[in-house]
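Asker: The following block contains the structure, expressed as structure tokens.
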Amino acid sequence: MKFLFVFILLFSINLDAQQILPERQRAEVVDDILKDRFDNLLPKLMDDTGFDMWILISREYNEDPVLKTMLPATWLNARRRTILVFYRDKENNTIEKLAVARYDFGENIISAWDKEKEPNQWKRLIEIIEERNSKSIGLNYSDHFNIADGLVKTDYEAFMAHLPEQYKANVKSAEQLAIGWIETRTETEMVIYNQLVDITHNIIAEAFSEKVITPGITTTTDVEWWMRDKVTALGLETWFHPTVDVQRTAEELGNHLYAFSNRPEDMVILPGDLLHCDFGITYLRLNTDCQELAYVLKPNETEPPKFLIDALKDGNRVQDIFTSNFETGKTGNVVLKESLDEAKAEGLRPAIYTHPLGTYGHSSGTTLGMWDSQGGVPVNGDYPLHENTVYAIELNTTVTIPEWKRDIRIMLEEAGFWGKDGFRYVNGRQTKLLTVPRVKEHLGIKINLDE
């Protein structure tokens, strides 16, 4: 595909240290990925879910979340009322991609409405349905999956009012189809995803370094805003505000919300602190979500204390137990229970709250626990694992630290891919604590700078 050539070429000339594509090349990548998804992924999803027609209806600035992922790269919003129709003829192995709109929907979906011939947009939509005699029409409404519930009441009522009576029984929720579209990653997207997570890791590594943090002066809030500024400077976006928090001997353990909403702001970072961040970026219409840890070295320390090194190993062990229980067709609630039971049997104190990750940060797909639902998540947790999907492997384990006379939480989050060959991390995971500052070999300290 032509965008792969652009992708490799731009990387080879190393535009900047973070390897970010210019906007024009990003647009080419996005549109080529969409073409591949429409031509090769969508027919399979429609066959798997039993729909021969999928209709998406949106108005400008009030887009269906699924339709928003289908916008051409040069469209930032839908225009007027935009109606997309996908018709799958399984017998002839064809898929039609039509826009009941005044103009083509980018290069991938052609306009199928001539307003001069038929002034009424709804009537033209009905003509398309009747011409193809659709047997199963999918609309995006869902009680439990928010991203699959993008059809607004006004458009639903207008559509049903114009739809001939003989087709009304054919209308069904396209929940499964919409989730499949949102959660499934293509081979090309996974090549790109590795780069996204690598950029995320690089930004965290720089944030948790002496380039940004001066112990005794820099605050947690300073680091959060540095991360936001770094993302903006790279021409990227965040899908949530970064958080940075501290655990230290003088602090008590907060609840699960501590790192996100109850933490004190502007805490001055001090030697001996265990730092934690939650950070993600949006790039090429995909999202990352990562939590990592760093230790602020005390004078004469060359590495974190053993009790923190061992605590991180406990967190990695919970990750290993959890991902080893992944299996296609197994529900999120089953994976959650098996993993919690296994970890507790080893004497660990885990909490697991993993969510789908992709075109949205908190995406649609298999939910594997929530911080306040460790006994399972109704409905969303009963959705089974599918292949070619990405998850934010988000969890923690509580560890008692006698040296600090308190418990701490090892909170970790990394992008993980589930496919036909099993589980893998998209771009690795943290197995060693970052240190602030980094140790320097030229001062006689035998520590690898890359650790």
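Asker: Among the residues of the range 126-144 satisfying the criterion of being among the small types (Gly, Ala, Ser) and out of contact with any helix residue (DSSP H, G or I) (no Cβ under 6 Å at 6 or more places or on another chain), which is surrounded by the most Cβ atoms within 10 Å (Cβ to Cβ)?
Answerer: Ser134
Asker: Would you mind telling me which numbered condition in (1) modelled with pLDDT under 95; (2) touching a strand residue (DSSP E or B) at 6+ places or on another chain (Cβ under 7 Å); (3) not in a loop (DSSP other than H, G, I, E, B) Leu253 fails?
Answerer: (3)
Asker: Please verify whether the range 28-41 includes one or more residues that are of a type outside the set (S, T, N, Q) and farther than 25 Å from Ser364 by Cβ.
Answerer: For the range 28-41, residues of a type outside the set (S, T, N, Q) and farther than 25 Å from Ser364 by Cβ: present.
Asker: Right, another one. Checking the condition modelled with pLDDT under 95 and basic (Lys, Arg), which residue from Arg228, Arg263 passes?
Answerer: None of the others qualify; the one that does is Arg263.
Asker: Looking at Pro271, is it at pLDDT below 95, part of a loop (DSSP other than H, G, I, E, B) and out of contact with any helix residue (DSSP H, G or I) (no Cβ under 9 Å at 6 or more places or on another chain)?
Answerer: Taking the combined requirement at face value, the residue does not satisfy it.
Asker: Still on this structure, I have one more. Which residues, taken from the range 380-409, are outside any helix (DSSP H, G or I) and more than 20 Å from the chain's Cα centre (by Cα)?
Answerer: Within the range 380-409, Thr397, Thr398, Val399, Thr400, Ile401, Lys405, Arg406, Asp407, Ile408, Arg409 meet the criteria.
Asker: Here are some residues: Glu414, Glu338. Which one is touching a residue at least 24 places away in the same chain (Cβ under 8 Å) and charged (D, E, K, R)?
Answerer: Result of the check over Glu414, Glu338: Glu414.
Listed here are the residues, each with its yes/no results for (1) more than 29 Å from Asp64 (Cα to Cα); (2) surrounded by fewer than 16 Cβ atoms within 10 Å (Cβ to Cβ); (3) of a type outside the set (Val, Ile, Thr).
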{"position": "Glu338", "(1), (2), (3)": "yes, no, yes"}
{"position": "Lys344", "(1), (2), (3)": "yes, yes, yes"}
{"position": "Leu357", "(1), (2), (3)": "no, no, yes"}
{"position": "Val379", "(1), (2), (3)": "no, yes, no"}
{"position": "Trp404", "(1), (2), (3)": "yes, no, yes"}
{"position": "Glu413", "(1), (2), (3)": "no, no, yes"}
{"position": "Gly416", "(1), (2), (3)": "no, no, yes"}
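Asker: Here is a follow-up. Give the number of residues within the range 306-324 that are open to solvent by less than 20 Å² (accessible area, probe 1.4 Å) and of a type outside the set (Phe, Trp, Tyr).
Answerer: Looking only at that region, the number is 9.
Asker: Report whether or not Tyr156 is within 27 Å of Arg285 (Cβ to Cβ), touching a strand residue (DSSP E or B) at 6+ places or on another chain (Cβ under 6 Å) and open to solvent by 60 Å² or more (accessible area, probe 1.4 Å).
Answerer: no
Asker: For the range 361-370, indicate whether the set of residues that are out of contact with any strand residue (DSSP E or B) (no Cβ under 8 Å at 6 or more places or on another chain), part of a loop (DSSP other than H, G, I, E, B) and in contact (Cβ under 8 Å) with a residue 12 or more places away in the chain is non-empty.
Answerer: no
The values are calculated or read from the model by the stated rules, or taken from the named source; none is laboratory data. What you are looking at is a predicted structure, and each value in this text was computed from that prediction instead of being measured. Please note: Cβ atoms are built from the backbone with ideal geometry, for glycine as well, and neighbour counts cover all protein chains shown. The area values use the complete protein model at the heavy-atom level, side chains included, leaving out ligands, DNA and RNA. Shrake-Rupley method; radii C 1.70, N 1.55, O 1.52, S 1.80 Å.
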